[in-house]
Each structure stands twice: as C-alpha cells, then as structure tokens.
Amino acid sequence: MKSRTTCCRDLEKWLEPDTFRALGEPSRAALLMLLAGTPGPRTVGELAAELPIDVSVVSRHLKVLKDVGVVTAERRGKEVRYRLACGDLVHMLRNLADALESCCPTAAIDLVVQR
C-alpha cells in the first residue's frame with residue numbers, strides 16, 4: 001500500500017485546477033459535447049453556428065480548452081480545425097480515478113457496494 005504522502009502527490013498530479021475550471025464552464029462543456037459528437041474536426045464558425053454565443057467567444061473558449069490539453073487544433077490554410085483530444089482526456093480522468101482509489105481505499109469499497 002502506498003504511503004499517504006505518495007498518494008497525495010499522485011492525486012495532486014491529476015487534480016489540475018486549470019483543467020477543472022476549463023471543463024466546468026457551461027459554454028466550454030457545450031463545446032466539448034459538440035466535439036465529442038462529431039467524427040471529424042470542426043472550425044470555430046461551424047461550432048459557433050450551433051451555440052448561442054458569438055464566434056469570438058467560441059474562439060476564446062477553444063483556446064482555453066486547447067491550453068489545458070483537451071482539444072487539439074490543426075491549421076489547414078486559413079482555417080483552424082478543432083477536435084476533442086479524447087484519448088488525453090480519458091487518460092487524465094482514468095489516472096485521477098486511480099489516484100483517488102489509491103488514496104481513499106474506502107471510496108473503492110463504497111463504489112463496489114453501491115453497484
């Protein structure tokens with residue numbers, strides 16, 4: 001079993017406040033949902049057309065999501081196409097869950113009992 005100090009360090013590594021702030025904002029969450037439901041990359045304009053917010057605001061939200069690593073951007077000529085970095089997001093969330101279970105063994109037991 002890991003020591004409490006090691007557990008806290010592991011947990012702290014995956015509890016990035018900037019990431020959770022980025023994910024917790026409703027417009028950014030809506031953007032993530034749109035990107036998750038799209039098989040390919042989308043432009044700012046395409047995304048803005050499906051949301052009740054201005055293109056410039058969508059662009060700023062995408063930058064925040066890109067900065068925390070949950071969205072990737074690919075330039076094609078004058079266009080920038082955005083895509084959900086699904087693998088990276090899953091990796092971060094899975095590691096966070098593992099770190100929580102490691103630090104809080106009763107949480108893993110509670111989870112099993114609830115199922």
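Brief remarks on what is shown
- For Arg60: the one exception among (1) open to solvent by less than 50 Å² (accessible area, probe 1.4 Å); (2) part of a helix (DSSP H, G or I); (3) modelled with pLDDT of 95 or more: (1)
- Filter pass, Leu65 being in a loop (DSSP other than H, G, I, E, B) and either in contact with a helix residue (DSSP H, G or I) (Cβ under 7 Å, 6 or more places away or on another chain) or surrounded by 11 or more Cβ atoms within 10 Å (Cβ to Cβ) (or both): no
Here's the yes/no breakdown for (1) modelled with pLDDT of 90 or more; (2) surrounded by 14 or more Cβ atoms within 10 Å (Cβ to Cβ):
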site	(1), (2)
Lys2	no, no
Thr6	no, no
Leu11	no, yes
Pro26	yes, no
Ala30	yes, yes
Leu35	yes, yes
Val44	yes, yes
Leu51	yes, yes
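- Subset tally (residues that are in a loop (DSSP other than H, G, I, E, B) and open to solvent by less than 40 Å² (accessible area, probe 1.4 Å)) for region 69-92: 3
- Residues satisfying the criterion are absent from region 38-59 (criterion: under 27 Å from Leu100 (Cα atoms) and among the hydrophobic types (A, V, I, L, M, F, W, C)).
- One residue stands out among those in region 13-24 that are touching a residue at least 12 places away in the same chain (Cβ under 8 Å), charged (D, E, K, R) and part of a helix (DSSP H, G or I): the one that is most open to solvent (accessible area, probe 1.4 Å), which is Lys13.
- Residue in region 53-68 that is among the charged types (D, E, K, R) and more than 18 Å from the chain's Cα centre (by Cα) present: yes
The values are calculated or read from the model by the stated rules, or taken from the named source; none is laboratory data. Predicted model, so just to flag it, every value in this text is computed and none were measured. With ideal geometry, Cβ positions are generated from the backbone for all residues, glycine too; neighbour counts draw on all protein chains shown. Heavy atoms of the whole protein, side chains included, go into the accessibility calculation; ligands, DNA and RNA do not. Shrake-Rupley method; radii C 1.70, N 1.55, O 1.52, S 1.80 Å.
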